[in-house]
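Taken together, the values in this text are just the output of simple stated rules run on the coordinates, not laboratory data. Bear in mind the structure is a predicted one, so any value in this text is a computation, not a measurement. All Cβ positions, glycine included, derive from the backbone under ideal geometry; neighbour counts span all protein chains shown.
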């Protein structure tokens, strides 16, 4: 199990010299932490998963068993501090809004503890997660669809090289569809 876990971890160094690790979400280790994070005031408006415990457990169980996505915990210097989802765009609801290629991925994230907010960590961590995603050489694009009201996250994605495409009306929010190109620059997604 430990060898398998090692294969699912990605470790790199942030610009400030601290180590960041992305590891697979573990129901046993992480579900209570994620429940707490989803009930934080800075998370609720953008995730809307401040659910009762049993409902939340059912949601996470469905998510962890959903083959089109992977759940990650971002760890800085051995302290879990962020939650990430990467997903197959063609199999996600986002695939209804653009013609997803077979290997296009998407990304969602949140920082849990307030002590990590406003410290300039989002940009380098998004860049590190992009490095993780692009380890699969078939991936050419990564999508994001931050809430159109989440100006901070939109700013972070822009600084990381994502390009805005268009606002999209999703069931739980109006998002800004954004795309990051790995090998080819300046292309447009069919709107």
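Observations on the structure shown:
- Look at [x] 61, 37, 31; [y] 41, 36, 33; [z] 73, 59, 47: the one that is Cα extents along the principal axes in Å derived from this structure is [y].
- Mean-position separation - Cα centroids, the range 140-157 and the range 81-104, in angstrom: 13 Å
- Estimated distance in nm for a label pair at residue 152 and residue 59, the labels positioned 7 Å out from Cα along Cα-to-Cβ: 2.0 nm
- Computed [θ] at 222 nm, helices only, for the chain once each DSSP H run of length n ≥ 4 contributes -39500 (n - 2.57): -8000 deg cm²/dmol
- Among 76, 107, 93: highest mean-square fluctuation, GNM of the chain, C-alpha pairs under 10 Å: 93
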